[in-house]
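The values are calculated or read from the model by the stated rules, or taken from the named source; none is laboratory data. These figures come from a predicted structure and were not determined experimentally. Using ideal geometry, Cβ is built from the backbone for each residue, glycine included, and neighbour counts are taken over all protein chains shown. Surface areas here come from the heavy atoms of the whole protein model, side chains and all, with no ligands, DNA or RNA. Shrake-Rupley method; radii C 1.70, N 1.55, O 1.52, S 1.80 Å.
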There are 2 protein chains.
Amino acid sequence: MHGTGSGPLHPVVSVPTSMYTAAVETSERLIDSAAELLWERGYVGTSPRAIQERAGAGQGSMYHHFRGKSDLAEAAMRRSAEQLRAQAEAQLATGRTAQEKAAAYLLRERDALRGCRVGRMAMDPDVIASEQLRAPVRETFDWLTGRLAAIVAEGVASGELREGLDPDDTAAAIVAVVQGGYVLARAAGSQEPFDRAVRGAVALLAAQAAPGR
Amino acid sequence: MHGTGSGPLHPVVSVPTSMYTAAVETSERLIDSAAELLWERGYVGTSPRAIQERAGAGQGSMYHHFRGKSDLAEAAMRRSAEQLRAQAEAQLATGRTAQEKAAAYLLRERDALRGCRVGRMAMDPDVIASEQLRAPVRETFDWLTGRLAAIVAEGVASGELREGLDPDDTAAAIVAVVQGGYVLARAAGSQEPFDRAVRGAVALLAAQAAPGR
DNA sequence: GTCTATAACGAGATAGAC
DNA sequence: GTCTATCTCGTTATAGAC
């Protein structure tokens with residue numbers, strides 16, 4: 001990945017001059033455009049042509065910076081994964097207790113009709129068929145469920161949550177509720193089922209407090 | 001929908017003779033082939049040509065029986081929805097208590113890597129953009145969440161489940177866990193995250209028993 | 001680095017013969 | 001009802017000029 005624009009006019013470190021010639025590099029615009037289209041239409045529904053048009057770049061530019069559609073898509077998916085991870089990390093750091101942290105993650109404001117930019121890719125046949133393309137999706141959910149499992153485990157260890165609550169199973173259920181909530185919302189054409197699902201999950205978790213607390 | 005083959009050689013009721021000429025009608029094979037491909041590759045990833053090849057039918061046959069791709073896809077999605085509904089109804093009828101019924105639905109054996117044939121369509125941009133194509137998906141999840149909400153409501157009314165447990169929110173969460181479980185499984189390339197998520201949901205529900213039961 | 005030209009192929013549908 | 005031919009457009013590149 002190259003540095004993005006708005007760099008210093010007088011670079012203080014030795015870098016290629018080309019990094020400072022454009023407001024935003026063409027390769028950056030291609031990655032962002034690809035990420036948007038992958039979110040909206042998935043991998044099989046996104047053509048190189050559409051990416052180029054949205055980025056305001058020609059055929060030649062795209063094939064100069066990337067080997068092809070899958071190469072650019074992988075870069076775009078890695079960027080989306082980074083953004084989702086930063087966002088989730090911020091939510092998980094919000095609460096004090098395990099319940100508060102999980103609730104902060106679940107209740108984060110989301111446009112459910114757009115779906116999840118990372119989770120969406122898991123339904124794409126060409127993504128699942130390619131180890132290269134699936135990797136960023138797998139890594140994102142591995143990280144997220146692991147992060148939530150650690151939070152639940154801490155809650156059990158500290159006596160906040162009841163003994164016997166399985167951290168891995170609970171974490172998987174929490175992440176699944178969010179991903180499945182997107183499906184329900186898009187099926188219904190409404191945000192409501194998503195909000196119901198996450199509220200339901202928060203309520204189920206609230207009843208897992210250790211007895212006498 | 002026409003009657004399927006293996007009909008009597010001497011029809012006892014007055015029906016068009018053509019209904020008895022083939023083992024399985026071409027239009028039926030087209031619908032089944034389309035349903036399979038939609039499950040595997042989604043709407044944007046499925047071409048009329050691929051459907052025809054799988055059904056062993058030519059261009060002419062397809063455009064004789066259906067107005068085009070979306071018309072055939074709608075018929076295929078309605079068939080898939082019927083099948084899912086029958087399957088879910090069987091599971092929900094299994095248990096005695098609300099918890100048993102919900103657990104029977106959640107723990108049903110599924111090939112998580114294949115995903116849900118109905119839920120999958122909710123991620124497809126062309127399906128969501130068309131009221132016609134989205135209808136069977138919306139109706140299926142409306143029915144399923146309504147069915148589960150009624151079961152939870154009965155559980156609360158009978159004193160099995162704690163007062164204050166919201167039936168609609170809980171039902172949405174249950175359905176979302178299953179749909180999200182598919183996403184996690186496909187992202188991981190493994191059945192495991194799906195099994196964890198549904199087990200986690202069953203455990204969360206078990207703790208919603210009314211106090212003193 | 002970016003552009004245009006070209007190409008081989010598939011998508012999605014229509015037309016008309018049989 | 002099913003077949004083959006045809007059509008227009010989009011996809012996913014490669015080639016080479018600028």
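Against the condition away from chain B (no Cβ under 14 Å), surrounded by 14 or more Cβ atoms within 10 Å (Cβ to Cβ) and in a helix (DSSP H, G or I), how does A:A90 come out, does it pass? When the stated conditions are applied, A:A90 does not pass them. If the condition is being touching a helix residue (DSSP H, G or I) at 6+ places or on another chain (Cβ under 9 Å), of a type in the set (G, A, S) and within 13 Å of DNA strand D (Cβ to nearest atom), then the stretch B:34-63 contributes B:G45, B:S47, B:A55, B:G56, B:A57, B:G58, B:S61. With respect to the conditions (1) among the basic types (K, R); (2) surrounded by fewer than 23 Cβ atoms within 10 Å (Cβ to Cβ); (3) in contact with a helix residue (DSSP H, G or I) (Cβ under 8 Å, 6 or more places away or on another chain), A:R96 lacks only one, and its number is (3). Against the criterion of being modelled with pLDDT under 95, among the small types (G, A, S) and either more than 16 Å from DNA strand D (Cβ to nearest atom) or within 16 Å of B:R117 (Cα to Cα) (or both), B:A76 does not qualify. Inspection of the stretch B:36-50 identifies at least one residue that is within 17 Å of B:R138 (Cα to Cα), within 12 Å of DNA strand C (Cβ to nearest atom) and touching a Pro at 6+ places or on another chain (Cβ under 8 Å). Quick check, is A:R67 within 16 Å of DNA strand D (Cβ to nearest atom), open to solvent by 60 Å² or more (accessible area, probe 1.4 Å), modelled with pLDDT of 95 or more and not in a helix (DSSP H, G or I)? Yes: the conditions hold for A:R67.
For the stretch B:22-64, filtered to residues that are polar (S, T, N, Q) and over 13 Å from B:R79 (Cα atoms), the residue that is most open to solvent (accessible area, probe 1.4 Å) is B:Q59. With the structure loaded, tell me whether B:A73 is open to solvent by less than 10 Å² (accessible area, probe 1.4 Å), within 16 Å of DNA strand C (Cβ to nearest atom) and assigned to a helix (DSSP H, G or I) or whether it fails that test. So B:A73 passes the test.
Here is a yes/no grid of residues against (1) in a helix (DSSP H, G or I); (2) more than 19 Å from the chain's Cα centre (by Cα); (3) modelled with pLDDT of 95 or more; (4) within 15 Å of DNA strand C (Cβ to nearest atom):
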{"site": "B:S14", "(1), (2), (3), (4)": "no, yes, no, no"}
{"site": "B:S18", "(1), (2), (3), (4)": "yes, yes, no, no"}
{"site": "B:A23", "(1), (2), (3), (4)": "no, yes, no, no"}
{"site": "B:S33", "(1), (2), (3), (4)": "yes, no, yes, yes"}
{"site": "B:R85", "(1), (2), (3), (4)": "yes, no, yes, no"}
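Looking at the stretch A:129-166 only, could you name the residues that are outside any helix (DSSP H, G or I), farther than 30 Å from B:G42 by Cα and either open to solvent by less than 50 Å² (accessible area, probe 1.4 Å) or in contact with a Ser or Thr (Cβ under 6 Å, 6 or more places away or on another chain) (or both)? Within the stretch A:129-166, A:G159, A:E160, A:L161, A:L165 meet the criteria.
When each of A:D169, A:D126 is tested for being away from DNA strand C (no atom under 16 Å from the Cβ) and open to solvent by 10 Å² or more (accessible area, probe 1.4 Å), the lone residue that passes is A:D169. State all residues of the stretch A:105-119 that are open to solvent by 30 Å² or more (accessible area, probe 1.4 Å), in contact (Cβ under 8 Å) with a residue 12 or more places away in the chain and away from chain B (no Cβ under 13 Å); if no residue qualifies, say none. Scanning the stretch A:105-119 gives A:R108, A:D111. Can you list residue pairs whose Cβ atoms sit under 7 Å apart, with the first residue in the stretch B:35-58 being without any contact (Cβ under 8 Å) to a residue 40 or more places away in the chain and within 21 Å of A:S47 (Cβ to Cβ) and the second being open to solvent by less than 50 Å² (accessible area, probe 1.4 Å) and part of a loop (DSSP other than H, G, I, E, B)? Count only pairs 6 or more apart in sequence or on different chains. Sorted first by the residue in the stretch B:35-58, then by its partner, the pairs are B:L37/B:T46; B:G45/A:V44. In this structure, A:I128 does not qualify as out of contact with any strand residue (DSSP E or B) (no Cβ under 7 Å at 6 or more places or on another chain) and more than 9 Å from every other protein chain (Cβ to nearest Cβ).
Let's see how each residue does on (1) touching a Phe, Trp or Tyr at 6+ places or on another chain (Cβ under 8 Å); (2) more than 8 Å from chain A (Cβ to nearest Cβ); (3) at pLDDT below 95:
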residue	(1), (2), (3)
B:V137	no, no, no
B:T140	no, no, no
B:G146	no, yes, no
B:G159	no, yes, no
B:S190	no, yes, no
B:P193	yes, no, no
B:R196	no, no, no
B:Q208	no, no, no
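Within the stretch B:164-188, the set of residues being at the interface with chain A (Cβ under 7 Å from one of its Cβ atoms) and among the hydroxyl-bearing types (S, T, Y) comprises just one member, B:T170.
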